[in-house]
1. Where in the stretch 419-479 are there helices (runs of 4 or more DSSP H), lying wholly inside it, with at least 2 residues that are touching a residue at least 12 places away in the same chain (Cβ under 8 Å) and not assigned by TED's automatic domain parsing to the domain that holds residue 335?
2. Among the residues of the stretch 223-230, are any at pLDDT below 85, under 27 Å from residue 195 (Cα atoms), crowded, with 20+ Cβ neighbours inside 10 Å and outside the structural domain of residue 187 (by TED's automatic domain parsing)?
3. Criterion first (surrounded by 10 or more Cβ atoms within 10 Å (Cβ to Cβ), in contact (Cβ under 8 Å) with a residue 12 or more places away in the chain and under 26 Å from residue 473 (Cα atoms)) does residue 304 satisfy it?
4. Take the stretch 236-267 and flag every residue that is touching a strand residue (DSSP E or B) at 6+ places or on another chain (Cβ under 7 Å) and in a loop (DSSP other than H, G, I, E, B).
5. Can you tell me which condition residue 331 does not meet? The list is (1) in contact (Cβ under 8 Å) with a residue 60 or more places away in the chain; (2) surrounded by 19 or more Cβ atoms within 10 Å (Cβ to Cβ); (3) more than 30 Å from residue 440 (Cα to Cα), and all the others hold.
C-alpha cells in the first residue's frame, strides 16, 4: 500500500534539503540570475535524486547473471556426461574421450555465446516482461541446433545424450536461475535498496504528474521519477507529487547528468516537437543518458507492438488480437497433453480427497456449477464439494456481509464451508476435478476465471472480451492475488490475458501457480 502525505500527495520519495537562507525547497532554473551559485545548484540537484551507488546496479547484476549462466551450463553438461557414463555401465570419468570432451566444450562455448549474442544480458530486459526468458530459450534452441547439425554431419552418435539430458535440464536451470535473480531484484526495488533506474521527466504539469504517479507508485517496475523539467515554466521550490521541479527545457542533459539520472522520459506535449526530441537526443548522447518517449498503450503486450517508419515520423503498429488459428491449436495440444499427465500424477490425491469429502459431510462428493465458457456457452464445471448441501440458497441471506466487489460473492470466513472444504479451498485442491473439464474441451489449463451466468449478465462491453477464450483452471488472477484482487483488477487481468496470450505466457503462469497455491495467499 502506498503511503500518502497529509495534503493527499504521495510522500517525498526523494527529499531535498531546503535552502538555509529562505527555508524553501531547492532553487530551480526559474530564479533570477545570480540568486545562487552554480556549485550550490549542482549540490541541490544531486540531492534530489538517489545516490549514484544505488542506481548503478546494472553492471553488477549483469556480471552475476553471466556467472550463474556459466555455472548452470557447466553443471548441466557434467550431469549429462554422468548419465551417459551410467548408461554405459562405468563410473570412471576417464572413460570420456577427447572427442566427447571437445563436444562438451563446443556446446558450452556455443551456448554462452548464443546467450550473449541473443541479448540475454541486455539491461533493458532485467526484471520486467517476458523478453528476458524468451531470449534465454531462443539462445538454448540455437546452440543445440548447432550440435544437432554437427552431429548429423560427423555421425557423432553420442550427441543423443547431450540432447535428451542437457537440453531440458539446461533450459529449466537457466530459466529458474533467471527467475530467482528477478525475485531478488524485485525485493530490492520494493525495499528501495537498489535496482532502480532514475528518470528525469520532461513535459507539461499534467502529463508529468501522471507519469510520476504511475511510476513512483510501483517501484518494482524499475523506473522512478526523481526530477521534472517543465515545458510551461517552473516556479521556485515547486514540486509535482512530491518530486522537485528542476527547471525548464534548457540544459536538460546537464540536469540529468547532475542528478545521476539513467534516462530522460519525454511526455507528450505541444511544446515538444520532433525537432526538440532530435536535439535532446544529441544533447543526452554527450552525457551517456538514455532517451525514452512515453506511449500510453495500456494493457498491450510488447510482442504486439512494432515500429513502422514513415516520412518525418515513426508509427507504432499494434497487432489486432487473434482468437483462432495455429497459435490456439498449439494451446489445445498443450492443454490435452499436460492435463493427461497431470491427471495421472494427481490421481492418488483425487482419491484421498474423494474419501475425505464423503466421510466428513453428507451429500455428493462433487459439486457441479454452471459456468460460461468461450463464446458465452454454458458448461458444467466440476469441483469437490466444499460447502454443505443447499449452500447456494443462503447467498441472499449473506448478501449484507459480502466482501467482494461487483457481481462476485466472497467471504473470508464463510459459514457454509465445511471443515475439510476450508482446507481444500486454502490450497485450491477443490479445483482439481476441473482437469476433466479441460480434457472435455470446456476449459483450458490457463485462462480467465470461469464466470457465473449472473456475472456475465452484468458485464460491460469491455468485460465480454474475457469470453473470447476458454476459461482456465489458473490464470493471471490466480498468480497475482486470487480472491484478494478487486473486481476491476480481476477483469483487467482477464482481458489482458485474452488479448495478449502466448504459449510462453501460459508456461510462466503454470510455473507461478505452484508458488501461489503453496503460499495460499488470497485463497478463501
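1. Qualifying helices (runs of 4 or more DSSP H): none found.
2. no
3. Yes.
4. 238, 248, 249, 259, 260, 261, 262, 267
5. It fails just one condition, (3).
The values are calculated or read from the model by the stated rules, or taken from the named source; none is laboratory data. Since this is a predicted model, take the numbers as computed values, not measurements. Cβ sites come from the backbone with ideal geometry, for glycine too, and all protein chains shown count toward neighbours.
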